[in-house]
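Read-outs: derived from the displayed coordinates by stated rules, not from any lab. For clarity, every value in this text was computed on a predicted model and none was experimentally measured. Neighbour counts run over all protein chains shown; Cβ positions are idealised from the backbone, glycine included.
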Amino acid sequence: MRRRGMPAPLLDTVLVLVSLADAWGHLDVETPAALAWAVLASLALTLRRRLPLVGFVLTLPSTLVSDAVFATTVALYTLSSLNRHRALLAGCALTYAVIDFLPWPWSSLETAGFNQTNNLMHVTYTLATAAAPVFLGQLVQARRDLSQRLAEISEAREQERMMTAQSVLARERAQLAREMHDVVSHQVSLIAVQAGALQVGSQDAETRKAAATIRRLSVQTLEELRHMVSVLRASGSRPTELTPQPSLADLRRLVDSSGIEAELQTELPEDLPPTVQRAIYRTVQEALTNVRKHAPGATATVHIRHMDGTIRTAVTNTAPTLPPLPLPGAHHGLVGLRQRAELLGGTIRSRRTLDGGYELLLELPATKSP
């Protein structure tokens, strides 16, 4: 987590006040020119972020005429933390050291006494004072660059991790597509062929009708499997959907080809979002499939109506008249329908009816955008 420091305007205000206090402690009110340069140096600190070199230059006169060096030190540090030209920084530090070392006025050089030891200590102190903010600013700049580089490395690693995950997902999709094509499609094809043979060779009309229904559903299943395989094999490219996607216009064909006696009653507007239409279609499809599997001989009613901004889809079947076949089922269809309904802000419920049948009820908001 990034630490939040003092806001920039507040920090600049504090630095200006400290610089004015430094000038007040080193200057006499009887030297108005020096006081003016000190005030200028203090105010120049407000420019240190936008114009660091200009701000540093404006602080030099105060260092020349007085011992108030706080503003110059801060300005030099800021310039060093924002600038990468080391020759310029070295020149600014040397200028600061020379100005701080020479007495003011310069005419006093002729009468000033020179002590080799004192002068050496003074030069060493002045150079250290000028070099310290430069080194500190460069250190802060290096730390900032390192943090930025670490952030870039972390982002690159995250991108690499996502690409690796996508690659693994693509391989899994390709493997799943092969399994669906080689196993599921093959078995469904055999079902369609056997149903066709039964339709042609049987003498019983009911048997031929059931065989025709099995063959038609097998062919439709093969078409959907081919679409699913093409989508899975298209992993890594732009996301695609099964085409064409079902809508409410396909409900009549779905009910008529369901293989059971079913009645469709609809009272819906024509401008429902595509996602709502697909949810209704898939719900009716799953409900009719369950009736065909678990309630042989039952009749079904599909009632879809619009009331108070809600679309209510009810699929109700009567009690079975034949014993159900022992078909495998993991209830994944109902789980998927429930998840789809929740994503659209709706609910789905199921219950047994008083006559031994079953009812599946879907409620969705009619205005849910895709």
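In order along segment 73-78, phi translates into HN-Hα couplings of 4, 5, 5, 5, 4, 4 Hz, rounded to whole numbers, per the Karplus curve 6.51 cos²θ - 1.76 cosθ + 1.60 with θ = phi - 60° and x for Gly and Pro.
Does segment 253-365 come out rounded, prolate or oblate, given a ≥ b ≥ c as the square roots of the eigenvalues of its C-alpha gyration tensor, rounded meaning a/c under 1.5 and, failing that, prolate meaning a/b above b/c? Display every interim value, and only then the final one.
Details: a/c = 1.90, a/b = 1.56, b/c = 1.22.
Since a/c reaches 1.5 and a/b is larger than b/c, the shape of segment 253-365 is classed as prolate.
Using R0 = 41 Å, the C-beta based FRET efficiency linking Gln175 and Leu150 works out to 0.65.
When Asp204, Asp22, Asp67 are ordered from fewest to most other Cβ atoms inside 10 Å of their Cβ, what list results? Let's see the in-between values first.
On the way: Asp204 10, Asp22 21, Asp67 13.
In increasing order of surrounding Cβ atoms, one gets Asp204, Asp67, Asp22.
With neighbours defined as other Cβ atoms within 10 Å of a residue's Cβ, the residues Tyr96, Tyr125 order from fewest to most as Tyr125, Tyr96. Per-residue Cβ neighbour counts within 10 Å put Ser81, Ser189 in the sequence Ser189, Ser81, beginning with the fewest.
Backbone phi angles across segment 83-94, fed through the Karplus curve with coefficients 6.51, -1.76 and 1.60 (θ = phi - 60°), yield HN-Hα couplings of 10, 10, 7, 6, 5, 5, 5, 5, x, 5, 5, 5 Hz in residue order; Gly and Pro are listed as x.
So if R0 is 30 Å, what FRET efficiency would Leu354 and Glu267 give, r being the distance between their Cβ atoms, rounded to the nearest 0.05? Using R0 = 30 Å, I get an efficiency of 0.75.
What full-extension length gain, to one decimal in nm, is calculated for Gln159 and Glu224 as 0.36 nm per residue of separation minus the Cα-Cα distance? Intermediate values should be presented prior to the final figure.
Details: separation 65, 0.36 × 65 = 23.40 nm, distance 3.42 nm.
Contour length minus the Cα-Cα distance gives 20.0 nm.
Annotation for Val184 and Asp256: the two label points, set 7 Å from Cα along the Cα-Cβ direction, are 2.8 nm apart.
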